[in-house]
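To keep things clear, I will list the structure first and then write my remarks on it.
The values are calculated or read from the model by the stated rules, or taken from the named source; none is laboratory data. Values in this document were obtained by computation on a predicted structure and should not be read as measured data. Cβ placement follows ideal geometry from the backbone for every residue including glycine, while neighbour counts extend to all protein chains displayed. Accessible surface areas use protein heavy atoms only, side chains included; no ligands, DNA or RNA. Shrake-Rupley method; radii C 1.70, N 1.55, O 1.52, S 1.80 Å.
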Amino acid sequence: MKKFLKTLVIFFIPLSISAQQLEFTQHVVTSSFTKGADVIAVDLDKDGDMDIIGVNTHTIAEIAWWQNNGYNEFAKVVIRDNLNKARSVRADDVNDDQHNDLVVAIYGENRILYLENNGDETFTDYEVDANFVGAHTIDIKDVNDDGNLDILCSGFDNNFHNGEIAWWENDGQDSITWTKHLISDRFQQSPFIYGEDMDGDDDLDVIACGELNGEILWWENDGDQFFTEHMVDSLFNYAHTVIARDVDLDGDMDILGAACMSSKIAWYENDGSQEFIKHSLGFFAGALWLDAVDLNNDGDRDLFGAPQGASQLAWWDNPGNQQFVKHNFNSTFTQSFCVVPAMMDNDNDTDLVAIGWNSNKISWFENKLENPNLFDIPESVVYDSVYHRYLVSNCGNGSIVEIDSLGQQSYFNTELTVSVGMHIVGDTLFVSSDEGDFSGIVGFLLSTGEMVFYVDIVEKQLLNDITSDLAGNLYVTDSDANRIYKVRINDMTYTTFVNSGLGCPNGIMYDKQNDRLLVLSCGLPNRPILAVNMQDSTVSTVVNTGTNANDGITADDIGNTYFSSWSTGKVYRFDESFSYPLEVVSSGHSGPADIFFENQSNIIAVPNTMSNTVDFIPITFTGQNEINNNNIEINRLFPNPFTDQINLNFYLPEKARTKIFVYDILGNMIVELIDKELSRGDYSISWNGTDNNGNLKSGIYFISFDIGDHSKTIKVIKY
């Protein structure tokens, strides 16, 4: 029997990230939305994922909804078309019926339109105002603090009309009546309006700008909706966009401004008494948008913007003192009109959604700061050695997720309703599924993800784990039916291979060395590992595990067998003779399911169904020569990859010289973590993920342990 060392635990502690490390990946939603003018991200159908709504300024304009299927795959739904230049759209529950409604400014028709959601994302149209000249930008806020959402709009006129900024009062009735209230008509062309409490008196004030006279103003609400005008800047030429944000996080609202035709951007610092200090941010070609949010999760607000005059979307890193540093993040998105923040992939960073007037594009830009967690009740893991990735099945939404060598997650396939057991044979990934249009055994090409195999097992009840023999046959457990099915790959036929004596079979694997199936029984006394004879299908007991809720079973290349238990949250190991004592490989898992031993790197992958995580547990085989025949305890690695810091916790059974170094993939030692004699006991050290100079790129590294006469190397991935 060969001994092994347990592995270290790596705890992920989110820290700040430098501007140079922040990256965005563009995902095109559409490239055929002509002259797109405004976009918002909102969960329109309230199904838990972010949808996208856009309007365009074409003479046959649309109000369009790109419905998210939960995997950031979007289907376009035209809500309204044949409009003359729709310019702005906002969404909120205007009538308080728990459904998101829409309000749209139709510039070419001088109209403000309220689209009431009927509850199924069909809409009934109501005119808010059929003669508001140059209806340009909408905001939806409770202006008079009566509990009903009102509408704000700015007027932008090219024909020397005396433009207006106004609000329309919602009377709160089932069939809403809208009453217009003029705030100001000082601007001929007012392209933007925004409602916010600027003076901290708990009523809604208004900020707006005038493009021709280059002014930014705010109107103070006295609580009875009488507005007093205050100048913020009279020299902001061609002002186009004004948004209120607490940029410096001092408790009062500042103002962000973008001026399109003068290519200026600035933020105006509120001194607490509504005196505004202008901070210019330099040249931004055709500046049409500027907003603020914490993009790099460092606790302060960064800026991001869209230029009409260039193809460079940009963000400005706030180092904490509002001395903003500009970074371009896309150079192909031409004449963008606006860019808005949204969490599109349900990770812990803010993504961006932009619309391009000249490029006809709507795209979302994935913030790569945090790795999105795509797991939804992960059930099974396999390793694809050809493409160097792990594949994970999800019971919750049926998706199959791939994890690349840098730990990045992406969808491999999203066609199934439920994905359970997985097994690779040749160039095909076989998956068991017992719900939806493709319930049975499904095969996908590893190279493309294309479905190329399907067998419906008609009498199935609860398909579970899957394995294969050397003759091209698959074997699938059916936990509820107490069966194992045999599926022939070459002709896509199946038979019942075992129909009794299994006691709720769960995990299954082919034991090549002994030409038999090994099956975990969840229902028989003492929860045995069973052997199934390949010639006559007879069932016998190999060993009793004595643990409950056993799930996954796997083996390494030297004859050791591993299985997982829900009831204990542990992964156990038997040697090749299945002799006691039963050894614990790792613990602390949350519903560990169908585990997989990856023999190239000696790593056990453990899907945790209850925490939506996957643990990767490196195993090192060290031979018989152990200190006093005791294991040096190095706890499991979690998670790997990591980002900013790891803690290494280990136990020495007696005094030993301990050296822990980190090497790069070329074998260069980059940092020494410890080199000293340590006494018996528990130890914990940390590594901040950098070399001796305080720098380190993302990539693969190796932590080397030399403890007494024993050595161990563990691969880790930093991103």
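How about the range 63-142: which GluC sites (Glu not before Pro) there are in a DSSP loop, with at most 15 other Cβ atoms within 10 Å of their Cβ?
Passing both the DSSP loop test and the Cβ count: 73.
Carbon and sulfur together cover what percent of the accessible area of the chain at a 1.4 Å probe radius?
44 percent
Rounded to the nearest 0.05, what FRET efficiency do residue 162 and residue 411 give with R0 = 60 Å and r taken as the Cβ-Cβ distance? Could you check?
Working from the Cβ atoms, E equals 0.65.
Assuming a viscosity of 1.002 mPa s and a temperature of 20 °C, what translational diffusion coefficient in µm² per second does Stokes-Einstein assign to the range 653-719, Rh being the Kirkwood radius over Cα pairs?
Taking Rh from Cα pairs, D becomes 168 µm²/s.
Considering only protein heavy atoms, what is the solvent-accessible area of residue 228 at a probe of 1.4 Å, reported in Å² to the nearest 10?
Using a 1.4 Å probe on the heavy atoms, I get roughly 70 Å².
At 7 Å along the Cα-to-beta-carbon direction for both residue 471 and residue 237, put a label point, then send me their distance in nm to one decimal.
8.5 nm
Skip the ligands, DNA and RNA, and give the accessible area per residue of the chain with a 1.4 Å probe, whole Å².
Per residue, the chain has 39 Å² of solvent-accessible surface.
Let me understand the range 447-576 better: what is its radius of gyration from the alpha carbons, and its Dmax, in angstrom?
Rg and Dmax of the range 447-576, Cα atoms, are 14.6, 44 Å.
Expected output is a single nm value to one decimal: the length gained when fully extending between residue 249 and residue 43, i.e. 0.36 nm times separation in residues minus the C-alpha distance. What is it?
Result for the pair: 71.4 nm of gain on full extension.
What is the mean projected area of the alpha carbon convex hull for the range 80-189, to one decimal in square nanometres?
Approximately 6.5 nm², given one-decimal rounding.
Please identify the chymotrypsin sites (Phe, Trp or Tyr not before Pro) of the range 95-171 that satisfy two criteria: DSSP loop assignment and at most 11 other Cβ atoms within 10 Å. Which are they?
Within the range 95-171, the qualifying chymotrypsin sites (Phe, Trp or Tyr not before Pro) (loop, at most 11 other Cβ atoms within 10 Å) are 160.
Going by accessible area, probe 1.4 Å, with all protein chains left in place, what is the ranking of 404, 174, 43, largest first?
Greatest to least solvent exposure: 174, 404, 43.
Spelling out what I want: for every residue of the range 419-427, take phi, set θ = phi - 60°, compute 6.51 cos²θ - 1.76 cosθ + 1.60 (Karplus), and round to whole Hz; glycine and proline get x.
With the stated coefficients, the range 419-427 comes to 10, 10, x, 9, 7, 9, 10, x, 9 Hz.
Once you put a point 7 Å from the Cα of residue 427 and another 7 Å from the Cα of residue 122, both along the Cβ direction, what distance in nm separates them?
4.7 nm
So what's the convex hull volume per residue for the Cα atoms of the range 332-375, in Å³?
With only Cα atoms used, the range 332-375 gives 66 Å³ per residue.
Among the listed pairs 368/512; 46/361; 326/715; 512/712; 570/655; 76/264, which have their C-alpha atoms separated by more than 31 angstrom in this model?
Checking Cα-Cα distances, 368/512; 326/715; 76/264 exceed 31 Å.
Pairs of alpha-carbon atoms within less than 8 angstrom and 6+ residues apart define the contacts here; what relative contact order does the chain have, in percent?
The normalised contact order for the chain reaches 9 percent.
Under a no-solvent Debye model with one identical scatterer per Cα of the chain, what's log10 I(q)/I(0) at q = 0.10 Å⁻¹?
Once normalised to I(0) and log-transformed, intensities are -1.00.
Would you mind checking the radius of gyration and Dmax of the range 355-446 based on alpha-carbon positions, in Å?
15.4, 48
Run through the range 36-125 and list the trypsin sites (Lys or Arg not before Pro) located in a DSSP loop whose Cβ has at most 15 other Cβ atoms within 10 Å.
Sites meeting the loop and neighbour criteria: 46.
Amide H to amide H under 5 Å from residue 465: which residues, 5+ apart in sequence or cross-chain, H placed 1.01 Å off N in plane?
477
Taking the Cβ-Cβ separation of residue 279 and residue 683 as r and a Förster radius of 56 Å, what is the calculated FRET efficiency to the nearest 0.05?
E between residue 279 and residue 683, to the nearest 0.05, is 0.65.
Please turn the phi angles of the range 600-617 into ³J(HN,Hα) values with the Karplus equation 6.51 cos²θ - 1.76 cosθ + 1.60 (θ = phi - 60°), one per residue in order, whole Hz, x for glycine and proline.
5, 10, 6, 10, 9, 9, 10, x, 9, 5, 8, 10, 6, 9, 10, 9, 10, 10
Once you treat every alpha carbon in the range 509-575 as an equal point and sum by Debye, what is log10 I(q)/I(0) at q = 0.19, 0.25 Å⁻¹?
Debye intensities relative to I(0), on a log10 scale: -0.70, -1.14.
Taking amide hydrogens as modeled 1.01 Å from N in the peptide plane, which residues meet the under 5 Å criterion relative to residue 145, leaving out close sequence neighbours?
none
Please compute the length gained on full extension between residue 644 and residue 538, using 0.36 nm multiplied by the number of residues separating them and subtracting their Cα-Cα distance.
32.9 nm
Please give the net charge around residue 188, taking every other residue with its beta carbon less than 15 angstrom from that of residue 188, where Lys and Arg add +1 and Asp and Glu add -1.
With Lys, Arg at +1 and Asp, Glu at -1, the net is -4.
In nanometres, what is the gap between the two model label sites at residue 225 and residue 450, each 7 Å from Cα along Cα-to-Cβ?
Placing both labels 7 Å beyond Cα along the Cβ direction yields 6.2 nm.
Using the Karplus curve 6.51 cos²θ - 1.76 cosθ + 1.60 with θ = phi - 60°, what ³J(HN,Hα) values do you get for each residue of the range 121-134, in whole Hz, with x for Gly and Pro?
6, 9, 10, 10, 8, 9, 6, 8, 8, 9, 8, 9, 4, x
Under the rule of at least 5 residues apart or a separate chain, name every residue whose amide H is placed under 5 Å from the amide H of residue 604.
598, 617, 619
Using 0.36 nm per residue, how much length does the chain from residue 343 to residue 34 gain when fully extended, once their Cα-Cα distance is taken away?
Gain on stretching residue 343 to residue 34: 108.7 nm.
Counting only the heavy atoms of the protein chains, how much of residue 35 is accessible to a 1.4 Å probe, in Å² to the nearest 10?
80 Å²
In the chain, which cysteines lack any other cysteine Cβ under 4.7 Å from their own?
Result for the chain is 153, 209, 260, 338, 395, no neighbouring Cys Cβ within the cutoff.
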